[in-house]
Amino acid sequence: MERQSSLLQIPPPTYGNLITVLSIDGGGIRGLIPATILEFLESQLQELDGEEARLADYFDIIGGTSTGGLVTAMLTVPDENKRPLFAAKDIKPFYLEHCPKIFPQKSVSGIFAFLKKIFKIFRGPKYDGKYLHGVVREKLRETKLHQTLTNVVIPTFDIKRLQPTIFSSYEAKKYPCFDARLSDICISTSAAPTYLPAYRFNNCDNHGNVREFNLIDGGVAANNPTLVAMTEVTKQIFDGNPDFYPIKPADYGRFLIISLGTGCAKIEEKYCAETAAKWGVLGWLLHQGSTPLVDVFTQASGDMVDYHISVLTQALHCEENYLRIQDDTLTGIDSSVDISTKGNLEKLVEIGENLLKKPVSRINLENGIYEQAENGGTNEEALKRFAELLSKERRLRELRSPHTKTTLNPRMHNLV
């Protein structure tokens, strides 16, 4: 199947049949897991539409929280030719190179070293964030939210206002004070409590109106941003955005969703009530090298989103349009967000590669455990199917849109 695409921004959903959503969870260094999966998905799109195809060419909106927000920005930031600056295959090397410097590992031995570590936790975050801030600013440059190559949504949480702050391409057009630099947004959504410092910045509109942001990790609000992305689209439909005509606000059957988790620990690997019942402040902040409080709220918010969307898609009989890829079998340091040793980073890549070979799983609505989907095949096979759907949807929009010109192999007309 040979095809020459216009390689312009994807035409709006009004010219197609679907609304395409890509969502990437938070999880620190575990972002290597979805990075590995995204590389495979993009390779499948390239097999269909040519090596210049990029993920931003196929999704109406890409959502990411924390580490997923950084991946989202990398996938959608433009180069000088208004094409994606990074391919999906570039994300994994980025993590392997920079994570050891973002989360430098220090050996701890002896009682005095342990006490020093405890004292530091009470004094400030585990890492100062300086390297992260520098590399994010270097890679994303001065790019602002409205300049991304497709719509993005990145959740954060404002600790001064005590409310979520959602950076959305759609809202940036409506409220210019939210049209911040991607670097500021990514630093903010990655500022996980106890790990990295909260981040403050100001942004102003063309009239000089200034908005102050005091932000921390978006995982506080939505570690799995799938529902936030869907809500942003629904708001546009409700407000009469012509890009979505004639789609109705509650027409959730039109959504095609790929939601990528960053993995979580096996049920028996984490905490139990008998142990947690004895914890005070210190116990909730530090237990066997992890931070239970952060683990609890990020995992809870992620699972609740998957639970909600699973119920919704099953009720509408469109569960085949929703693909959640998550590994809930991580053990030991594999489930950490910051242990950036060479061996652990390579192990996370291996986990992502193995996850592609695992069967498609869906959350059991009764017990919350991921179970193999009937006739779902492997995640790799599911991604190939979704790549075909995404390619077909883009071709359909290009044929219908008066603003794009596409040269198709004659064989392709039968597929549209």
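The values are calculated or read from the model by the stated rules, or taken from the named source; none is laboratory data. No experiment lies behind these values; they were computed from the predicted model shown. Every residue, glycine among them, receives a Cβ derived from its backbone with ideal geometry; neighbour counts consider all protein chains shown. Side chains are part of the model used for accessible areas, which takes the heavy atoms of the whole protein and leaves out ligands, DNA and RNA. Shrake-Rupley method; radii C 1.70, N 1.55, O 1.52, S 1.80 Å.
Both radii are taken from the alpha-carbon atoms of the chain; with Rh as the Kirkwood radius, Rg/Rh is 0.96.
As an exercise, use a Förster radius of 60 Å and the Cβ-Cβ distance of Glu47 and Ala276 to find the FRET efficiency, rounded to the nearest 0.05. Don't skip to the end; give the middle numbers.
Details: r = 48 Å, r/R0 = 0.81.
E(calc), rounded to 0.05, equals 0.80.
Over the chain, accessible surface divided per residue gives 46 Å², non-protein components excluded, 1.4 Å probe. Taking amide H positions as modeled 1.01 Å from N, with prolines and chain starts lacking one, the residues under 5 Å from Lys144 and 5 or more places away or on another chain are Leu182. Only aspartates and glutamates eight or more places from Lys106 in sequence, or on another chain, were considered; those with a Cα closer than 20 Å are Glu97, Asp128, Asp334, Asp338, Glu346. Residue pairs exceeding 24 angstrom between C-alpha atoms, taken from Lys82/Lys235; Lys92/Lys139; Lys101/Lys160; Lys173/Lys248; Lys101/Lys144; Lys89/Lys266: Lys82/Lys235; Lys101/Lys160; Lys101/Lys144; Lys89/Lys266. Legend: calculated FRET efficiency, Glu138 to Lys160, from the Cβ-Cβ distance at R0 = 25 Å, rounded to 0.05, equals 0.35. Phi-derived couplings, Karplus 6.51 cos²θ - 1.76 cosθ + 1.60 at θ = phi - 60°, listed residue by residue for the range 37-47: 5, 5, 4, 5, 4, 5, 4, 5, 5, 5, 5 Hz, with x used for Gly and Pro. Beta bridges from DSSP with both residues in the chain: antiparallel share about 55 percent, rounded to the nearest 5. Restricting the trypsin sites (Lys or Arg not before Pro) of the range 236-344 to loop positions (DSSP other than H, G, I, E, B) with no more than 10 neighbouring Cβ atoms within 10 Å leaves Lys278. Database remark: amide H of Phe255 closer than 5 angstrom to the amide H of Ile19 (H placed geometrically; neighbours at sequence offset of 5 or more, or on other chains; Pro and chain starts carry no H). For the pair Lys130 and His317, what calculated FRET efficiency results from E = 1/(1 + (r/R0)^6), where r is the Cβ-Cβ distance and R0 = 35 Å, to the nearest 0.05? Calculated transfer efficiency: 0.10.
Compute the longest continuous run of the chain that contains no exposed GluC sites (Glu not before Pro); treat a site as exposed when its DSSP state is not H, G, I, E or B and it has at most 16 other Cβ atoms within 10 Å.
143-365
Among the trypsin sites (Lys or Arg not before Pro) found in the range 1-104, those both in a DSSP coil and sparsely packed, with 14 or fewer other Cβ atoms within 10 Å of their Cβ, are Lys82. With respect to the chain, whose longest principal axis is taken over its alpha-carbon atoms, helix 379-400 is tilted by about 40°.
Measuring nothing but protein heavy atoms, the accessible surface of the chain at 1.4 Å probe radius is 54 percent carbon and sulfur.
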